[in-house]
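See structure below.
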Amino acid sequence: MLHFWEEPCISGKNGSGAVFFSGCALRCCFCQNESIANRNFGKEISPERLAEIFLNLQEQGANNVNLVTAGHVLPWVIPALESAKPKLHIPVIYNSGGYELAEILHELDGLVDVYLPDFKFFDSATAQNYAHAPDYPEIAEQALAEMLRQTGMPVLKDNLIQQGCIVRHLVMPGHRHESIALLQHLAGTFGTDTFLLSLMAQYTPVQNQAYPELNRRITKMEYQSVLKTAGKLGFLGYCQEKSSAKSEYTPDFHLQGL
């Protein structure tokens, strides 16, 4: 699909050529794409067909090919990219939850132009509680280091990203101090000019009896305190209006055209 709700440098005016893959390496209890992440909604296609989809998106005027959560199907995605890449004149974006092994990402070197990872959690207990992945902070940091090694500094042309890395962080209710600690750590480890930061306010609660503290939206104070820290640290990138926390911004998935 042409996706118009990504960061401005990704969606632009024509939209991002998003390809959503069924399944996910994480099991976040607040997932907004639960139907495809956990319920295996999808359709089997061949690498050859996948390559055709990439090229079709380019023909539709997409600003990029945006691979959304492809890590667990890379043995099929990589040959599709290898086939399509010589014919693509738009960048390939790897859109990820951040829970990626660096040695696996190494296989994408030269095939991906822009990495778009989440950095969801800084505390291993939070990662265990909400995503069953206590090693998430360590794995995500190693993955980010490999992504930055491959792409280098962000490069934009006509306000559209062509190369580099955008790190997303979703501010969650009751966890602003963890978000602030994460930004401080990223600034100290990687600097504030090696990637663009996308600070997200779109947390949309799903009724969760196991974690009632997540059954609310974030407050203006929570988001503004994290945003203020990002500014003081010197990060460049994007922030969201709190009005983005709506279910309407979640794509309506269908299998047409596959």
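To the nearest ten degrees, helix 74-84 and the longest principal axis of the Cα atoms of the chain are 50 degrees apart. Calculated on the Cα set of the range 112-223, radius of gyration then Dmax: 15.1, 46 Å. Helical content of the chain, expressed as a calculated mean residue ellipticity at 222 nm, amounts to -10000 deg cm²/dmol (DSSP H runs of 4 or more residues, -39,500 (n - 2.57) each, divided by residue number, nearest 500). Remark: the residue 155-residue 125 segment gains 7.2 nm on full extension, using 0.36 nm per residue and subtracting the alpha carbon distance.
One equal scatterer on each Cα of the range 5-131, no solvent, Debye formula: the resulting log10 I(q)/I(0) at q = 0.13, 0.16, 0.19 Å⁻¹ is -0.55, -0.83, -1.14. Which pairs break 27 Å Cα to Cα here: 13/43; 120/232; 43/85; 87/157? Violating the 27 Å Cα-Cα cut-off are 13/43. Taking amide H as placed 1.01 Å from N in the peptide plane, the amide H of residue 198 sits under 5 Å from that of 167, 168, 169, 238, each at least 5 places away or on another chain.
Sorted largest first, the spans of the alpha carbon positions of the range 61-165 along the three principal axes are 44, 31, 24 Å. When you count the other C-beta atoms within 10 angstrom of each residue and take the mean per peptide, 76-88, 43-55 line up highest first as 76-88, 43-55. Taken over the range 1-53, the alpha-carbon convex hull comes to 106 cubic angstrom per residue.
Rounded to the nearest whole angstrom, the semi-axes of the ellipsoid equivalent to the chain, taken from the Cα gyration tensor as √(5λ), stand at 28, 21, 18, largest first.
The packing ranking, built from the mean of other Cβ atoms within 10 Å per residue, places the peptides 63-73, 93-103, 154-164 in the order 63-73, 93-103, 154-164, highest first.
Using Cα atoms only, what is the angle between the long axis of helix 176-190 and the major principal axis of the chain, expressed in degrees (0 to 90) to the nearest 10? Around 60 degrees separate the two axes.
Any read-out appearing in this document is the output of simple, stated calculations on the displayed coordinates, not a laboratory observation. In this text the structure is predicted, and so the values were computed from the model without any measurement. For neighbour counting, all protein chains shown are included, and Cβ atoms are generated from backbone atoms with ideal geometry for every residue, glycine included.
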